[in-house]
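Colleague: I'd like to ask some things about the structure below.
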DNA sequence: CTTGACCCTGGAGCTAGCTCTAGGGTTTAT
DNA sequence: ATAAACCCTAGAGCTAGCTCCAGGGTCAAG
């Protein structure tokens with residue numbers, strides 16, 4: 001099949017396919033007389049592999065490594081594959097942890113601010129960012145300082 | 001103070017400061033006769049503001065917006081500031097959600113694979129990526145198919 | 001008076017994953 | 001026969017946030 005048919009199957013762009021080729025992820029198994037890329041069913045399945053790996057978070061570099069295994073399965077063990085999955089899981093855990101730190105810090109800022117129509121001159125969020133102290137929610141009975 | 005002193009205070013690079021200047025985040029309040037950037041205490045505090053905002057996850061673009069408020073507090077309300085914080089919180093929650101979807105999908109792959117010294121020809125992870133079906137953990141009594 | 005640390009500008013390069021442009025050839029339908 | 005739709009290559013451009021380089025000026029110590 002030509003590139004246009006291939007991309008219709010998966011909803012990706014022609015440019016993306018050509019980019020993947022440059023990245024050594026997927027090459028057409030043949031060319032037409034006019035130089036058009038021709039993809040076999042195996043090529044199409046390979047694209048499916050790439051897109052599914054992408055959909056679980058693997059980078060193109062990591063997918064390249066997975067394809068190395070896929071292309072020569074007999075030379076590898078289950079452990080090799082599982083390792084890559086577990087490494088990625090750890091990687092993602094770390095990213096989540098960083099985002100959760102951001103979230104916690106933002107939540108503290110958020111709680112310290114009344115969010116009302118008061119002038120921002122008194123806003124606890126700005127104060128905290130200026131001074132580098134964690135925002136202090138009001139502890140006494142007056143209204144929020146924000 | 002000159003740029004070198006400023007960067008020592010915060011542990012950032014000279015290039016970063018000059019980059020922030022190009023990005024309209026921080027300009028030196030004066031220049032020496034020789035053209036050296038000279039930073040006031042207010043400038044230094046502004047850098048602190050920028051770095052703290054960065055440390056809670058704001059992008060430079062978002063920090064630019066925060067600085068617009070910071071530079072003219074009287075013209076803004078607490079609600080304006082709090083909105084930005086809450087938007088960022090939502091943004092981060094979405095990023096976390098996406099990462100957690102990746103994580104769940106990877107965990108399923110992980111569970112389906114024995115991870116042992118068996119040849120990857122039978123690996124359930126590769127099979128799942130080839131076929132686009134969720135990896136099926138073994139349900140019967142034989143050892144994992146992986 | 002020279003050495004080394006510091007500062008300047010302008011612009012290129014880096015990562016990741018595309019996306020787009022220019023300029024052209026091919027195929028298909030009417 | 002011609003127009004639309006498709007395909008090709010090479011290379012530039014995009015986002016984000018720096019980082020580095022070339023080539024040169026300034027400043028303080030010994």
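Colleague: Condition first: within 11 Å of DNA strand C (Cβ to nearest atom) and surrounded by fewer than 17 Cβ atoms within 10 Å (Cβ to Cβ). Now tell me which residues in the stretch B:34-54 satisfy that.
Modeller: B:34, B:35, B:36, B:38, listed by residue number.
Colleague: Working only within the stretch B:32-55, note down all residues that are assigned to a loop (DSSP other than H, G, I, E, B), within 11 Å of DNA strand D (Cβ to nearest atom) and on the phi < 0 side of the Ramachandran plot.
Modeller: If the condition is that a residue be assigned to a loop (DSSP other than H, G, I, E, B), within 11 Å of DNA strand D (Cβ to nearest atom) and on the phi < 0 side of the Ramachandran plot, then B:32, B:33, B:34, B:36 are the ones that fit.
Colleague: For residues that are in a helix (DSSP H, G or I) and within 14 Å of chain B (Cβ to nearest Cβ), scanning just the stretch A:1-31, find the one that is farthest from DNA strand C (Cβ to nearest atom).
Modeller: Filtering the stretch A:1-31 for residues that are in a helix (DSSP H, G or I) and within 14 Å of chain B (Cβ to nearest Cβ), the one farthest from DNA strand C (Cβ to nearest atom) comes out as A:9.
Colleague: Being more than 8 Å from DNA strand D (Cβ to nearest atom), under 22 Å from residue A:71 (Cα atoms) and free of Cβ contacts under 8 Å to residues at least 24 places away in the same chain narrows it down to one of A:8, A:22, so name that one.
Modeller: A:22
Colleague: Let me spell it out: the conditions are (1) in a loop (DSSP other than H, G, I, E, B); (2) more than 16 Å from DNA strand C (Cβ to nearest atom), and residue A:58 meets all of them except one. Which number is the exception?
Modeller: (2)
Colleague: Taking only the stretch A:55-84 into account, find how many residues are more than 8 Å from every other protein chain (Cβ to nearest Cβ) and under 16 Å from residue B:131 (Cβ atoms).
Modeller: Number of matching residues: 1.
Colleague: Condition check: at pLDDT 95 or above and more than 9 Å from every other protein chain (Cβ to nearest Cβ). Does residue A:36 satisfy that?
Modeller: Considered against the rule, which asks whether it is at pLDDT 95 or above and more than 9 Å from every other protein chain (Cβ to nearest Cβ), residue A:36 comes out as yes.
The values are calculated or read from the model by the stated rules, or taken from the named source; none is laboratory data. On a predicted model such as this, the values are computed, not experimentally measured, just so you know. Heads up, the Cβs are rebuilt from the backbone with ideal geometry, glycines too, and the neighbour counts pull from every protein chain shown.
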